[in-house]
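Values quoted throughout were computed directly from the atomic coordinates according to the rules given, and no laboratory measurement underlies them. This one's a predicted model, so the numbers in the text were calculated from it and none came from an experiment. We place every Cβ from the backbone using ideal geometry, glycine too, and count neighbours over all the protein chains shown.
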Amino acid sequence: MGKNKISRFAENLTFDHVVQPTFTQLVHEGLPQRGRWNELLFKRDAPLVLELGCGGGEYTVGLARLNPDRNYLGVDIKGARLWRGARTAKEEGLHNVGFLRTHVDHLLKCFGPQEVDEIWLTFSDPQIGKARKRLTSPLFLARYKEVLKPGGFIHLKTDSPLLYEYTLEQIAEHKLPIYEQSNEVYAELVPRVSPEEQAVLNIKTYYEQMWLEEGRTIHYVRFGMN
Ligand SMILES: C[S@@+](CC[C@H](N)C(=O)[O-])C[C@H]1O[C@@H](n2cnc3c(N)ncnc32)[C@H](O)[C@@H]1O
């Protein structure tokens, strides 16, 4: 393992706002934060927003800067990646940011029923040829339905036409409401929404910046589970 990774893992252990559950906690004991993220991590009651597969946490941190009255939790399996967001949040004194290092398959072990207000899926792996593993597969949608509050949102921002079209198909099949949709975020959607929404959509992740430099088009859909 590289020196960089080792020092990032070590620093993650010193952060109060990074939670790294053990297998025993997840499978046998139960995660103490489940159903109590606001109380135990953020120490205040506020809407809870997740970014699943957050990487360096650019959306988690960017949204937290824009909306200090909401609590943001980035989830990723890779500790060396989420370290970036955790470090930035600490340096900027953002008390509404946390990170959870775990596999997104453990979602129901980590969050209680109706604990979450919104979920962001940012540049998720399109899982070519493995539809079941996509973060908008029926399996994941069922999990989101359980943890989301009634009226909660899911945001998908992606460069992948495959994942975008697949998600629209799932939305149609499950008869879910769409609140916003565009297959061209920057040329079509950003110019027609409010300045507040523009600020949200203009946040760019590490992967998004790479794809934009390659000239790829960015797609977005915001939908609900009921
Ligand atoms: C393509 S990257 C996107 C990262 C970030 N959202 C961005 O846009 O820069 C996908 C991320 O999802 C994470 N990931 C993939 N599968 C995961 C899983 N099963 N559980 C948790 N994280 C996962 C990876 O570690 C990676 O950071």
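What is the set of long-range amide H partners of Gly98 at a cut-off below 5 Å, with H atoms built 1.01 Å from backbone N?
Residues meeting the criterion, in which the H sits 1.01 Å from N, are Tyr72, Leu73, Gly74.
Label-point separation (nm) for Lys78 and Glu213, each offset 7 Å from Cα along Cα-to-Cβ?
If labels sit at Lys78 and Glu213, their model points lie 1.5 nm apart.
Mind putting a number on the dipole of segment 3-224 about its Cα centre? Charges go on the C-beta only, +1 for Lys and Arg and -1 for Asp and Glu, and I need it in Debye to the nearest 20.
About 720 debye.
What does the charge add up to near Glu146, with Lys and Arg as +1, Asp and Glu as -1, over the other residues with Cβ less than 13 Å from its Cβ?
+4
What order do you get for Ile77, Ile6, Ile171 when you list them from fewest to most C-beta neighbours inside 10 Å?
Final ranking by Cβ density, sparse to dense: Ile6, Ile77, Ile171.
What distance in nm separates the simple spin-label points at Ala10 and Lys133, each placed 7 Å from Cα in the Cβ direction?
Reported label-point gap for Ala10 and Lys133 is 3.3 nm.
Tabulate in residue order the Karplus-calculated ³J(HN,Hα) for segment 198-204, using 6.51 cos²θ - 1.76 cosθ + 1.60 with θ = phi - 60°, rounded to whole Hz; enter x for Gly and Pro.
4, 4, 5, 5, 7, 5, 10
Which net charge results when you count Lys and Arg as +1 and Asp and Glu as -1 among the other residues whose beta-carbon is under 14 Å from that of His28?
My count for the surroundings of His28 gives +1.
Over the alpha carbons of the chain, what is the largest minus smallest coordinate on each principal axis, giving the biggest first in Å?
Each principal axis gives a Cα extent; for the chain these are 43, 37, 35 Å.
Separation of segment 1-48 and segment 54-106 by C-alpha centroid, Å?
What the calculation gives is 11 Å, centre to centre.
Modelled label-to-label distance, Met1 and Tyr206, 7 Å Cα→beta-carbon offset: nm?
1.6
Counting only C-alpha contacts under 8 Å and six or more residues apart, can you give the relative contact order of segment 3-224 as a whole percent?
Dividing the mean separation by the residue count of segment 3-224 yields 20 percent.
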